[in-house]
1. Along the positive direction of the dipole of the chain (beta-carbon charges: Lys, Arg +1; Asp, Glu -1; about the Cα centre), which of Ile225, Leu107, Ile655 reaches farthest?
2. How long are the three semi-axes of the equivalent ellipsoid of segment 327-434, in whole Å, if each is the root of 5 times an eigenvalue of the C-alpha gyration tensor, listed from largest down?
3. Just to verify a number: FRET efficiency for Ile103 and Leu50, C-beta to C-beta distance, R0 = 30 Å, to 0.05?
4. Of the options Met677, Ala591, Leu172, report the single residue whose Cα projects farthest towards the positive end of the charge dipole of the chain (beta-carbon charges: Lys, Arg +1; Asp, Glu -1).
5. Just want to confirm a number: the relative contact order over the chain, from Cα pairs under 8 angstrom separated by 6+ residues, in percent.
6. If you average 1/r across every pair of different Cα atoms in segment 332-373 and take the reciprocal, what Kirkwood value do you get, in Å?
7. If I model a spin label as a point 7 Å beyond the Cα along the Cα-Cβ vector, how far apart are those points for Gln595 and Ala635 in nm?
8. Give me the number: length gained by fully extending Met530 to Asn625, i.e. 0.36 nm times residue separation minus the C-alpha to C-alpha distance, one decimal in nm.
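FYI, it's all coordinate maths here, none of it is from the lab. Small disclaimer: the values here were computed from a predicted structure and weren't measured. With ideal geometry, Cβ positions are generated from the backbone for all residues, glycine too; neighbour counts draw on all protein chains shown.
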Amino acid sequence: MSRAGVVTPGAPTPFAQQAGRLAQSFAPPLLFGLRLSASVALALYVAFSLELDNPSWAGTTAAVVCQPQLGASLRKASFRLVGTLIGAAAIVVLTACFPQNRIGFFLGLASWGAACGFFATILRNFAAYAASLAGYTAAIIASDALGATGGPGPEVFMLAVVRASEICIGILCAGLVLAGTDFGRARRTLAAEFASLCAAITERLLAAFLTGGPDETQRVRRELIRRVIALDPVIDAAIGEASDLRYRSRTLQAAVGGLFAALSGWRVAARRLEVSPADQARVEGAIIGSSLPQEFRGPQELRGRQEIGERELSAVEAGLAADPARMRDLYRTAARALTTLPADTPSLRLLADSAAEAMLGLSRASNGLALLKHPGRAAAASGAADLSVPDWLPAAINAVRAFLTIGVVELFWTLTAWPSGAQAITFAAIVILLLSPQADRAYPAAMMFLIGACVAVLLAMIVKFAVLPQIVTFAGLSLVMGLVLTPLGFLIALPWRSALFAAAAINFAALLAPANVMSYDLLTFFNSSMAVVAGVGVATLALRLLPPLSPAAWTERLLRLTLQDLRRLATHPCDWTRREWEGRIISRLVALPDQAEPLQRAWLAGALTLGREILRLRNLAARLNLRDEAEGAFAALARGDCAAAIGRLAEIDRILADANARTAPARLRARAGILVMTDALTEYEDYFDAGSPG
């Protein structure tokens, strides 16, 4: 400690503090580099011990599976295992279908790659990776089974077994090293993010009711939406670390859906408070705010805060961190109280129901947090996992691109009889299947992969011909490879150009091709190197010549498809349930490119709300004998005539206001729904009238 320029004896100097911070920041990347080297070395040792004919695939697989996060590595390893087995089975079946037909076999291999590219696009996270792997595993096995100019050989079954065994050895060895040296933190990270999001939404929502003024939180909501979308890979990593989460992943999916529902309820309430007269907004907002439990009081009423680590937690977040099951029950109690809250105006009913929807969503999110912190106290989520595809066109484009890429390299190999043509097919398939699902980021990533492959060629040539001839032991081989892989692993774990260094590490292990009996044939090495670079180059060129939809075009398409679905929902009563509608629109909201404008995200959020209210008002209208009037309003909406739709809704509201008291609760909820629809149609009239204006 220093005072008046005097340094207290024993206190760390500024230089020592800076050195300590640097050591803390560089230690995790360095540890990952050592884990990467150890994983590759262990995989090669096992493959050598079993005297497999191509142990380099075991080492290469270990390099591919290794990720800086333990959960991501283990999750990736499990899906890689599934993809490997599917790809091996596919190539055996393909060979049986075309035993003496080279053209048929090539077309089948390209078609299989196209199918895997299609499913790699519509699936998510590591499931998409498994689909990609199933495609290029078939290419790996086929490259060993094909002759000089193509055509499957009779030994394909045994090759499939051997290659699958080598790949599985790499997966298991990498998982063993990582699990033994890293205890993981994805579960804690996910729990902290769930608690932070729930607390932020709770406090901001309550603040909106207590102030009752104009909505100034749109930017905050958009940032929270971005954070909710970013939960997806963190959930996958947490599932990879904890086996108990794998069988209850539906609860985590429901928690994410609950956060979206809470944000939607908050948006509807904030919009109503904004357009209401100031005095009415303050009075009605105060009624809703006072109906919420004391534990939810906003930041302006919080005086005591709990400090954990270096970050100060609000009372709500501290409560969620300490006992999420209790907070879940509080959210449910609040939702029940709001649902039964006496209301004498449609506006107050709307605010109460929107707040109840937010409370129910936060209850589902808190249940997911309870699963992470206290699994025994978490309630099981009902229903199967949802798979809603936002748009089929990108998957079709990726499938066509994969078919053409693999087919072109196959044709070139057939015409030229290039000895390493089969290896070029393999690496073309790897790059095109792995990177195509990344949409507009695919081509830049492919360029990084190409540069990384060139770096790997240089490193492998130096090590193989200048260093390895002097090495006669496996320990020496491991040490030499570690001197290359450890720095590469260190650079992979840093945020700068990690894809380039990952490609360098993967291709270095493949090009070095360590074996029980090493071959130092320079011509063979150059052929293999050219095959890797050529395969990656063709895939990169394919991504350039047949690019994915641009972010602007895809955004416009998602908006257009959503509007078409909304109009279909308005004219076809039984097409979707509320859950199906929400899943469809949320998938598109998640799929929107980062370059999408905030207003475009707001259009999708408005469509989500409007569709939900159409479904609810249709059910209430049937009970209130107003089916024809409601369908007239929906028909106007389907025609893209917001003014007419608002007029029809106003007529229904007048009818409901004059009806008898026997159906008062249902009438009030119907009128509240009409207010929600009117607000959305007024706010986003340009979109609902004409689609996506330029």
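1. Ile655
2. Equivalent ellipsoid semi-axes, largest first: 57, 20, 8 Å.
3. My answer for the efficiency is 0.25.
4. Met677
5. On the way: 1028 pairs, mean separation 117.0, N = 694.
Contact order relative to length: 17 percent.
6. It is 10.8 Å.
7. Taking the simple label geometry, Gln595 and Ala635 are separated by 4.2 nm.
8. Gain on stretching Met530 to Asn625: 26.7 nm.
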